[in-house]
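Trainee: Quick one: structure below, then a few questions.
The values are calculated or read from the model by the stated rules, or taken from the named source; none is laboratory data. Keep in mind the model is a prediction, meaning the values are calculated, not measured. As a convention, Cβ positions derive from the backbone with ideal geometry for all residues, glycine included, and neighbour counts pool all protein chains shown.
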Amino acid sequence: MAFITANWNPLGEAFYRKIELYEMGWSLRDGLKECLVAAAPYGGPIALLRQPQRPSSSARPQLEIYSSSGANMASFPWKSGPVRQLGWTVCDDLLCIQEDGTVLIYDLFGAFKRHFSMGNEVVQNQVLEAKVFHSPYGTGVAIVTGASRFTLATNIDDLKLRRLPEVPGLQGAPSCWVVLTQDRQTKVLLANGVDLYILDNTSCTPVVRQTQTTYSLLCLIILALSPLTVCVFQTPPGLSPQACSIVNMAVSFSYKYLALFTDSGHLWMGSANLKDKLSEVDTKVRTPPKQMVWCRRPKSQQPSVVIMWDRLLLVAGECTDTIQYTLDEESVCVAELDGVRIIGGSRHELLQEVPSACQDIFKIASMAPGALLLEAHKEYEKSSQKADEYLREIKEQSVLGEAVRQCVEAAGYEHEPETQKTLLRAASFGKCFLSNYPPEPFVSMCRDLKVLNSVREYTVGIPLTHTQYKQMTVQVLIDRLVYRKLYPLAIEICRYLKTPEYQGVSRVLKHWACCKVQQKEEPDESIAHAVSVKLGEAAGISYSEIAARAYECGRTELAIKLLEFEPRSGEQVPLLLKMKRSQLALSKAIESGDTDLVYTVVTYLKNEMNRGDFFMTLRNQPVALSLYRQFCKHQEQDTLKDLFNQDDDHQELGNFYVKASYKEKKLEARLSLLQSAVDEYNKAKNEFAAKATEEEMKLLRFQRRLDEEKGEALLGLSLQETLHALLTSNFHKQAEQLYRDFRVPDKRYWWLKLTALAEKDDWEEMEKFAKSKKSPIGYLPFVEVCVKQHNKYEAKKYVSKVTPEQKVKAHLAIGDLEGAAEAAIERRSEGEISTVLSRCSPTTDRALLERLNRARSTAAKK
Amino acid sequence: MAHSVRRDAPELPDFSLLKRLARDQLIYLLEQLPGRKDLFIEADLMSPLDRIANVTTLKQHDVDKLYKVEHKPIFYACENLLEEQGIFGDVTTDEWSFYLLPLDDDIISLELPEFFRDYFLEGDQRWVRTAGSALHLLHSVYGPFSKVYGIGRCSKMAYESWREQVEEGEQRARQAEIGNVFLIDRDVDLVTPLCSQVVYEGLVDDIFRIKCGCVEFCPDVTSSDKSIKVMLNSQDKVFNEIRNEHFSQVFGFLSQKARNLQTAYDKRSGMNIKQMKTFVSEELKGLKQEHRLLSLHIGASESMMKKKTKQDFQELLKTEHSLLEGFEIRECISYIEEHINRQVSMVESMRLLCLLSLTENGLLPKDYRSLKAQFLQSYGIEHLLTFSNLKQLGLLVEQQPGETLTVMESRVGKLVNDKTAGKLTDAFSSLAKKSNFRALGRRLNLVPKSDEEYDLRVPRDMAYIFSGAYIPLSCKLIEQVLERDGWTGLEEVTRMLNGHEFAVTAGSNGSDARVKTDSQRIILVMFLGGCTFSEISALRFLGREKGIKFIVVTTAITNSARLLESMLDNHA
């Protein structure tokens, strides 16, 4: 306990510690010498490929995969082409990038999964260097070819190759380069001797050093002349001009920070957007480093970088001092979220900044609350009264809560179970003296540590820190265990953490089943049985996924058997389609009620079958048919016609042609479409529609003639509008003709003519019209139309012609109260008298009021 | 105003939760794309989005610019389309399952105005599952429901889709906030949405069109030079008091309110400084707010008065009422004819034609042809397609030869007493799928006797929403089913409505008896194909009478104009 700070080294305000995670279980004859090594972050697996001593050697290199503790998981001779780079994906798959640009993907156990190529160009020019990187989009690969061109794939699961623009003056590989992910863009930052460039999809931008003002001005002018270059000037501020070539660079885990190492031995640290400088340190080592990685943790006290040479490991931070460790074996650094792991031939260590909670508690002579509490508990265990003294001191400052919190937090950062226990016991002891301290942090820390210790176990070999575990979440940890086929441990953890079945046990069982169906030696029957027995009671199992896996392994029969267990019909559809059981897929999709799914199947069928069969299939499935019809209405008008044709649906065909005619600009084409519509309507025995369409054709022809002869713009108007237009333009003869030809009802024609004349203020013609014959709409409309045009004088002319029933209304319309009263009294209608009454004003029409009231009472008596 | 409110009416659940859910999910999706981004959004979705997350919220999550995409043909099977365009590889798609938009304390909308046409006309069932999912969401947040009633084919499918989703998902035992559910297809009652609305909120919708709970009052109303957008919901205290009132009552109420307001302002005159200080700090702001709202609603009422007290409107209403009562049909037909001939309004003409057909079980062949021909002459031949749509939906049909049922029916109805007439009607109604409006009206007493004076100030039943002329069929059905706790005794009615009725006890596990009964008196009514504000007002009235609360979930708020416009085939 007393030696807990023995491995701490101070750097500025902070301390760094290097703790041993494992003594490696592998036995490598030459350590990591001459090896390509890739170790996945978050305590992931390690892949080794020993390069042959002589390139021409016929001996095949051996590819080996180990857990973080050095337990062998796979080992096989490499039979494919020369490998440039190894790397791991976010789902623990191994990427082997070959010289010819082919990328082969293997699983944890060395089983080949698939491959892809980084482009044709690479085959000739070869990959010089490659990097595997991670971003929110997944795992990506970047390469630089012998022709000095970069190619990027941001997500290997959704492969889109992007060839980046040329870098001016670059020969061969650059001195060093990194991949940056900023603002949803992936870029490459590279150094070619003195020059720094940023490469993105469209441009290559040189980075100008701030101190050289004249230089950048010059650059500005040059860039202004070349429109292809985007003029965004970014500079690493404060990087001394004399600092010559950049020989190594590193970007932090979060892509936020960047470190540059120059051949003068200077280390520059700053933000990855090159806008801020954090510090600059002279390491006094001029040899280019073998590896350089950021060493940070969330809430770090200072930014720091770990640099590795053959025999030296150096930690540099904000101050001029550095920490130096001697390396006694060939090693590899792995950047983590909260530190750096150092893997060597015999040891596996973690180097990190000491978290402040641990510092507070363990720093020598610390008086922090947590430190006092730990001391109090120690004394308590010794049954010493000093325990009380310490406790009192904490309580006097009322920082007991803080003390407990510190102990709980620090426990999370400690790797040794003994230290964890000591801290947690102290916390628990302190908690006894607090009445309302929330139990959750303590309880969940105990749980987390139990889980962490079980996966750090040598046989499992996942050396996760608490910080990493919280970042990666339990779900992902369970996934990782499942990939390693550690099903029992995964299930135990799920049960222990009471993870809901859906995310927990059921998921693990599903993976187990997916693995089970790949066991080729077992017969279908027994596998199906085993799966159903084990999975029977677990909630939310997706049998279709298991079946899909069985199908992938070529076991169609087994897949069908398993699919029968799937209760959700919708889930069965995609696999059924894959297995070419399309008819069944269609009925299952319809059964599911999910129309999107039905669409999917329908589109599939459309491409798969010939047209006749396709239509026949749809005919038997009305739901699918109506959906497809909807689709056609919007996307494929012609198919719609075919559908109607097949069904001999003449009514719909007629409608189809009518609709098509509107879209047609040319009159002749329009008429011929309408003629087709007429034919179809006739076939459908819809005489009304046929006749209406014929009349429309007649009208169109009439309109065209008139447009040509008189220069009117009638085409496309309705009959009524045409008539109105004719009447207002004084084409009375043509209007008459239309009226007769189209058998326009008298009432309508009268209304039309009346309104048209009034709108033109053609009162003379109106009077003639009124006298031409007896109006079928009566004469009240004449009165109203005149009034509407504010011509009371004309209106009066027609009042006398109005029928007795409408007299009152007519008089009121022209504002003749006397006349209205007269008419109402004459008709002895109580209702009409009241109407007139309501329009009288008590001051001006007193006499009239009295008369009306009298008349009303007599009318009421009757 | 003078409603006898039952004190024990339960509290409504808090639906702002739904908004929060939708917003959180949207934010989650936005955060999936790190960094700054632009948002392209279809114009129709702007208003609903605004209800969920305003520009500030979007900005907070790195949305840089918003672009409106004008309406394009709806994307079916988006992925296929993108693939055909060859850009599928460059696009990542996520689904924002935004089903429910709470418009008010008791109105939730799915904002799917296309539902009516897609399902009832085109037979496209793609929204059925959406309706089921919406129900599922409500069930998982406010359920478990103990009883589900419904009528109509779509209702039944939506119900089944919901049940499936319930079975697939995780089940959690919790205290129910909503006890019962009633699902109803719009085509069960097409008459109600086609009637002119005369309740304030409905009238505002008919005239100004309320969009997503928000109305834009034109300068005419605001008596200024610009339009004002106003949220219409229970937060607006003035509106809340008049929304359910018959229009004839609104003016009186508003002027009373204005007088009260004046009195409240007048209090100032006799105040000392201290009182004045409290007045200014506590009351003045509220009064000013009320003042502003009051003048807006008075403006709106005036503008509506101008339109609606005109002779034409009164005659229009008279015709409607005659159609509903089944009297003077010939006069109605000539009125409609004149309406068409004078080209008063295309949609209105069509509405009257449909009402005529629905109430009379179709038009006589002679009338059908002549009215249709005149309509085409007036409004253009393209409506041939509209008529084809109306026919398919049963909104405007021709009586088949030999089926002069209505004439006979109405004669019989006048001759014999109600009971025998009912039986006769039943015998006839099994003949064909028809609206059977007359028979239903008699069976359910939808049309009160016209000889009695109807006092609109003290409504006695839901008919008040149509000036006492007609109780909406949809709401009457809901009342009857709740009263009978099922469809027993309504067999003839459901037969006339073409069946597909159901009543299922889902089984509740509430232990606290009091809470249980409380949730039992909260009833969720889901309209598939839209509902009108008048129907909502009617249900609110029914709720007050029975001491229950209704929550209306609808695919969209509709009215006659929206419903009929969706029947047009836009060829432009």
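Trainee: With the condition being closer than 28 Å to A:His134 by Cα and free of Cβ contacts under 8 Å to residues at least 60 places away in the same chain, I'd like the strands (runs of 3 or more DSSP E) fully within the range A:309-387 carrying at least 2 qualifying residues.
Mentor: Answer list for the range A:309-387: A:312-316.
Trainee: Further question on the same structure: Pairs please, first residue from the range A:143-169 and without any contact (Cβ under 8 Å) to a residue 12 or more places away in the chain and within 14 Å of A:Ser117 (Cβ to Cβ), second anywhere and surrounded by 15 or more Cβ atoms within 10 Å (Cβ to Cβ) and small (Gly, Ala, Ser), Cβ atoms under 8 Å, 6+ apart in sequence or on different chains.
Mentor: So the pair list comes out as A:Lys160/A:Ala153.
Trainee: For B:Leu287, only one of the following conditions fails: (1) touching a helix residue (DSSP H, G or I) at 6+ places or on another chain (Cβ under 7 Å); (2) within 30 Å of B:Phe466 (Cβ to Cβ); (3) in a helix (DSSP H, G or I). What is its number?
Mentor: Just one mismatch for B:Leu287, condition (2).
Trainee: Right, here's the next one. For residues in the range B:158-208 being of a type in the set (S, T, N, Q) and surrounded by 20 or more Cβ atoms within 10 Å (Cβ to Cβ), which is nearest to B:Glu535 (Cα to Cα)?
Mentor: Across the range B:158-208, the extreme among qualifying residues is B:Thr192.
Trainee: Restricting attention to the range B:293-335, which residues are hydrophobic (A, V, I, L, M, F, W, C) and within 24 Å of B:Pro448 (Cα to Cα)?
Mentor: B:Phe313, B:Leu316, B:Leu317, B:Leu323, B:Leu324, B:Phe327, B:Ile329, B:Cys332, B:Ile333
Trainee: Give the residue that is surrounded by the most Cβ atoms within 10 Å (Cβ to Cβ), with candidates limited to residues of the range B:538-560 that are modelled with pLDDT of 90 or more and assigned to a loop (DSSP other than H, G, I, E, B).
Mentor: Of everything passing the filter in the range B:538-560, B:Thr555 is surrounded by the most Cβ atoms within 10 Å (Cβ to Cβ).
Trainee: Where the second residue is in a helix (DSSP H, G or I) and the first is loosely packed, with under 15 Cβ neighbours inside 10 Å and lies in the range B:488-504, which pairs have Cβ atoms under 8 Å and are six or more apart or on separate chains?
Mentor: Qualifying pairs under 8 Å: B:Arg495/B:Asp426; B:Arg495/B:Ser429.
Trainee: A follow-up question, please. So, in the range A:528-577, of the ones that are among the basic types (Lys, Arg) and under 27 Å from the mean Cα position of the chain (by Cα), which residue ends up farthest from the other protein chains (Cβ to nearest Cβ)?
Mentor: A:Arg549
Trainee: I'm checking my understanding of the structure. Among residues of the range A:646-694 that are of a type in the set (Ser, Thr, Tyr) and within 30 Å of A:Asp613 (Cβ to Cβ), which one is nearest to the other protein chains (Cβ to nearest Cβ)?
Mentor: Once the filter is applied, the top-ranked residue is A:Tyr657.
Trainee: Here's a check for you: in the range A:626-645, which residue that is within 9 Å of chain B (Cβ to nearest Cβ) and touching a helix residue (DSSP H, G or I) at 6+ places or on another chain (Cβ under 9 Å) is nearest to A:Leu577 (Cα to Cα)?
Mentor: A:Leu627
Trainee: As an exercise: evaluate B:Phe98 against (1) modelled with pLDDT under 85; (2) on the phi > 0 side of the Ramachandran plot and give the number of the one condition it does not meet.
Mentor: (2)
Trainee: From B:Asp38, B:Asp8, which residue is within 14 Å of chain A (Cβ to nearest Cβ) and either at pLDDT 75 or above or not in a helix (DSSP H, G or I) (or both)?
Mentor: The unique qualifying residue is B:Asp38.
Trainee: Taking A:Ala820 as meeting all but one of (1) touching a Lys or Arg at 6+ places or on another chain (Cβ under 7 Å); (2) among the aliphatic types (A, V, I, L, M); (3) surrounded by 18 or more Cβ atoms within 10 Å (Cβ to Cβ); (4) under 30 Å from A:Gly831 (Cα atoms), write down the number of the exception.
Mentor: A:Ala820 satisfies every listed condition except (1).
Trainee: Within the range A:578-612, count every residue that is hydrophobic (A, V, I, L, M, F, W, C) and away from chain B (no Cβ under 14 Å).
Mentor: Number satisfying all stated conditions: 5.
Trainee: Residues in the range A:411-424 that are touching a residue at least 40 places away in the same chain (Cβ under 8 Å), farther than 21 Å from A:Gly43 by Cβ and in contact with a Cys (Cβ under 7 Å, 6 or more places away or on another chain): how many?
Mentor: Qualifying residue count, the range A:411-424: 1.
Trainee: Okay, next question. Name the residue that is surrounded by the most Cβ atoms within 10 Å (Cβ to Cβ), counting only residues in the range A:163-186 that are out of contact with any Phe, Trp or Tyr (no Cβ under 9 Å at 6 or more places or on another chain) and either small (Gly, Ala, Ser) or within 12 Å of chain B (Cβ to nearest Cβ) (or both).
Mentor: Ranking the candidates gives A:Ser175 first.
Residue-wise test of (1) in contact with a helix residue (DSSP H, G or I) (Cβ under 6 Å, 6 or more places away or on another chain); (2) modelled with pLDDT of 80 or more.
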site: A:Arg743; (1), (2): no, yes
site: A:Glu759; (1), (2): no, yes
site: A:Trp763; (1), (2): yes, yes
site: A:Met766; (1), (2): yes, yes
site: A:Asn791; (1), (2): no, no
site: A:Lys796; (1), (2): no, no
site: A:Lys801; (1), (2): no, no
site: A:Lys807; (1), (2): yes, no
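Trainee: Give the residues of the range B:242-266 that are in contact with a Phe, Trp or Tyr (Cβ under 7 Å, 6 or more places away or on another chain) and not in a loop (DSSP other than H, G, I, E, B), sorted by residue number.
Mentor: B:Ile242, B:His246, B:Phe247, B:Val250
Trainee: Okay, moving on. Give the range A:593-615 a look and list any residue that's under 29 Å from B:Thr130 (Cα atoms) and of a type in the set (A, V, I, L, M, F, W, C), or say none.
Mentor: A:Leu597, A:Val598, A:Val601, A:Val602, A:Leu605, A:Phe614, A:Phe615
Trainee: Please count how many residues of the range B:315-367 are over 14 Å from B:Ala469 (Cβ atoms), crowded, with 18+ Cβ neighbours inside 10 Å and of a type in the set (Gly, Ala, Ser).
Mentor: Adding up the residues that qualify gives 3.
Trainee: So, in the range B:314-330, exactly how many residues are assigned to a helix (DSSP H, G or I) and either among the hydroxyl-bearing types (Ser, Thr, Tyr) or without any contact (Cβ under 8 Å) to a residue 12 or more places away in the chain (or both)?
Mentor: Total satisfying the criteria: 5.
Trainee: Looking at the range B:318-344 only, could you name the residues that are closer than 24 Å to A:Phe782 by Cβ and more than 14 Å from every other protein chain (Cβ to nearest Cβ)?
Mentor: Hit for the range B:318-344 is B:Thr319, nothing else.
Trainee: Mind telling me which of the residues A:Val802, A:Val808, A:Val783 ends up being within 20 Å of A:Lys747 (Cα to Cα) and not in a loop (DSSP other than H, G, I, E, B)?
Mentor: The match here is A:Val783.
Trainee: Which residue, of B:Tyr142, B:Tyr119, is of a type in the set (Phe, Trp, Tyr) and away from chain A (no Cβ under 14 Å)?
Mentor: On inspection, the qualifying residue turns out to be B:Tyr142.
Matching residues to (1) within 25 Å of A:Ser718 (Cβ to Cβ); (2) of a type outside the set (Ser, Thr, Tyr); (3) exposed (fewer than 14 other Cβ atoms within 10 Å of the Cβ):
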{"position": "A:Gln621", "(1), (2), (3)": "no, yes, no"}
{"position": "A:Ser672", "(1), (2), (3)": "yes, no, no"}
{"position": "A:Glu687", "(1), (2), (3)": "yes, yes, yes"}
{"position": "A:Glu695", "(1), (2), (3)": "yes, yes, no"}
{"position": "A:Leu700", "(1), (2), (3)": "yes, yes, no"}
